[in-house]
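**Student:** Shown below is the structure under consideration.
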Amino acid sequence: MFTDKAKISVRAGKGGDGAVTFHREKYVAAGGPDGGDGGRGGSVIFQVDPHLNTLIDFKYKRKFTAGDGAPGQGKRCSGKMGEDVIVRVPRGTLVRDASDSRLIADLSGDGPVVIAKGGRGGWGNSHFATATRQIPRFSKPGLPGESLDLLLELKLLADVGLAGFPNVGKSTLLSVVSAAKPEIANYPFTTITPVLGVVKVAEGESFVMADIPGLIEGASEGVGLGHDFLRHIERCRLIIHVVDVSGSEGRNPREDFLTINRELENFNAELASRPQIVAANKCDIATPEQIADFGEFVKDRGYDFIAVSAASMTNVRELVQRAYEKLETLPPIRQYEAEELSPEEMDKKEANGFEITEEDGVYVVDAPWLLPILGNCNPNDYESLQYFQRVLKNSGIIDKLEELGVGDGDTVRIGDFEFDYVP
């Protein structure tokens with residue numbers, strides 16, 4: 001089954017917590033803090049697999065979770081890093097954030113792409129020892145890893161796309177110029193999934209051709225399976241527009257040509273300017289007048305024209321050679337650029353992002369990253385509370401509270417923890 005869309009969830013691993021330990025050794029008095037750092041959480045990494053050509057696997061496995069980092073240990077030993085998860089996808093897969101459809105990555109190259117980063121490991125208490133704080137009884141907790149809902153969309157990577165109405169001979173053409181074996185039959189919509197084939201021109205010279213399932217009027221609005229088919233032609237550098245010049249299906253070749261071009265333009269305006277070679281197929285059963293009339297019609301509109309017959313191999317090699325020569329002058333297959341977050345969105349995504357609201361005189365701090373730090377603080381330990389206060393100050397929370405007008409004795413709430421503000 002060919003599947004070109006999927007929705008999945010990924011979660012990177014949480015960083016391990018830093019350790020609170022003290023050196024203990026015979027004949028060594030007051031060995032001091034020696035808590036090690038937590039290990040970094042594993043990341044979720046996407047990698048192109050050249051042996052895949054569909055997203056069908058993601059219909060059965062939708063959740064991918066990387067390993068958490070191990071907590072730090074005594075003797076300044078760091079915790080083990082969490083295990084990464086490698087998600088293998090077919091070449092040409094677009095990865096989008098499901099919340100806003102923002103493009104995160106275009107998996108068209110060979111290199112791995114980190115989609116969700118693992119959380120940093122927390123510092124052990126050995127980091128917090130100073131001349132005046134010799135026995136710190138606190139550490140930093142590990143930060144959570146990124147968690148995302150993703151939309152995967154496959155857009156095939158092909159140099160040439162065959163476009164046209166159903167049953168005009170696209171599959172036959174692909175089968176005679178490449179080793180691809182598309183289904184061929186004398187009824188509409190024989191091809192219901194895109195088929196790729198490698199077309200060899202000469203030794204060391206080839207290009208990839210895609211047989212796009214037949215389009216119909218209204219395809220750009222989703223009629224039939226229009227959107228499912230049209231997305232696969234967006235990356236093609238060159239379009240070979242196959243038209244039944246003989247009118248054997250009872251349609252007018254001129255109307256067919258105009259209708260398909262109109263659907264391409266309606267779906268994506270850029271497709272209207274994409275280079276085209278118009279292949280007037282089934283010329284072996286068409287009259288010379290039909291071929292000449294349609295050829296003049298196409299050339300008047302500035303398109304390259306060639307009369308072919310895939311069934312009898314008439315002018316097929318000439319079509320392949322002309323397509324290859326045209327490709328030599330065109331830019332490479334398009335790769336989409338990842339869409340950057342706005343500064344406001346970046347602030348929310350940052351590990352120390354926060355939001356403060358006032359509810360009935362209580363200042364509520366929404367900062368999920370702060371909760372594990374708060375949970376790791378010992379309220380009975382003065383130095384631990386001092387550390388927590390510095391975190392609030394360095395992250396900008398104190399400044400924001402004062403900007404909002406917090407006063408002496410006002411209540412501040414972080415999670416389930418409340419305290420009175422003291423300037």
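The numbers here are math on the coordinates, done by the rules we state, and not lab data. The structure displayed is predicted, hence computed values, not measured ones. In this analysis, Cβ positions are derived from the backbone assuming ideal geometry, glycine residues included, and neighbour counts consider all displayed protein chains.
**Student:** Expressed as a rounded percentage, what relative contact order does segment 109-160 have, with Cα pairs under 8 Å and six or more residues apart?
**Tutor:** Relative contact order of segment 109-160: 38 percent.
**Student:** Turning to a different aspect of this structure: Extending each Cα 7 Å along its Cβ direction at Ile333 and Val28, get the distance between those two points in nm, one decimal.
**Tutor:** Label-label distance for Ile333 and Val28, simple model: 5.9 nm.
**Student:** Starting from the Cα coordinates of segment 1-70, work out the convex hull volume and express it per residue in Å³.
**Tutor:** 111
**Student:** Distance between the C-alpha centers of segment 241-275 and segment 45-96? Whole Å please.
**Tutor:** Value for the Cα centre distance between the two parts: 43 Å.
**Student:** What area, in nm² and to one decimal, does the C-alpha convex hull of segment 273-423 cast on average over all directions?
**Tutor:** So the mean shadow area of the Cα hull is 18.9 nm².
**Student:** With unit charges on the beta carbon (Lys/Arg positive, Asp/Glu negative), name the residue among Gly169, Tyr27, Leu330 whose Cα is farthest towards the positive pole of the charge dipole of the chain.
**Tutor:** Tyr27
**Student:** Assuming 0.36 nm per residue, please report the length gained on full extension of the stretch Asn268 to Asp410 beyond their Cα-Cα distance.
**Tutor:** 45.5 nm
**Student:** In Å and from the alpha-carbon atoms only, list the Rg and Dmax of segment 43-109.
**Tutor:** Cα radius of gyration and Dmax of segment 43-109 are 16.1, 50 Å respectively.
**Student:** Say R0 is 22 Å: what FRET efficiency, to the nearest 0.05, do Lys61 and Asp100 get from their beta-carbon distance?
**Tutor:** Once the sixth-power term is evaluated, E becomes 0.35.
**Student:** Please tell me the relative contact order of the chain in percent, rounded to the nearest whole number, where contacts are Cα pairs under 8 Å and at least six residues apart.
**Tutor:** 13
**Student:** Next question. Can you quote the Å³ per residue value for the convex hull of the Cα atoms in segment 1-154, rounded to an integer?
**Tutor:** Convex hull volume per residue, Cα atoms: 126 Å³.
**Student:** Specify which residue in the list Gly121, Gln73, Gln47 is farthest towards the positive end of the charge dipole of the chain, using unit charges on the beta carbon of Lys, Arg (+1) and Asp, Glu (-1), about the Cα centre.
**Tutor:** Value computed over the given set: Gln73.
**Student:** At 1.567 mPa s and 4 °C, plugging the Kirkwood radius over alpha-carbon pairs of the chain into Stokes-Einstein gives what diffusion coefficient in µm²/s?
**Tutor:** Once the numbers are plugged in, D ends up at 50 µm²/s.
**Student:** Next question. Need one number: nm distance between label points at Asp149 and Asp399, each 7 Å from Cα along Cα→Cβ, rounded to one decimal.
**Tutor:** Inter-label distance under the simple model: 3.5 nm.
**Student:** Report, as a whole number in µm² per second, the diffusion coefficient that Stokes-Einstein gives for segment 351-420 at 20 °C and 1.002 mPa s using the Kirkwood radius over alpha carbon pairs.
**Tutor:** Value of D from the Cα-based Kirkwood radius: 172 µm²/s.
**Student:** Next question. Report the one residue of Gly38, Phe58, Ala269 whose Cα lies farthest in the direction of the positive end of the charge dipole of the chain (charges on C-beta: Lys and Arg +1, Asp and Glu -1; origin at the Cα centre).
**Tutor:** After comparing all options, I get Gly38.
**Student:** Can you give the charge dipole size of the chain about its Cα centre, rounded to the nearest 20 debye, using +1 on the beta carbon of Lys and Arg and -1 on the beta carbon of Asp and Glu?
**Tutor:** Roughly 1780 debye, rounded to the nearest 20.
**Student:** In nm, to one decimal, how far is the modelled label at Arg254 from the one at Lys200, with both set 7 Å along Cα→Cβ?
**Tutor:** A separation of 4.3 nm, rounded to one decimal place.
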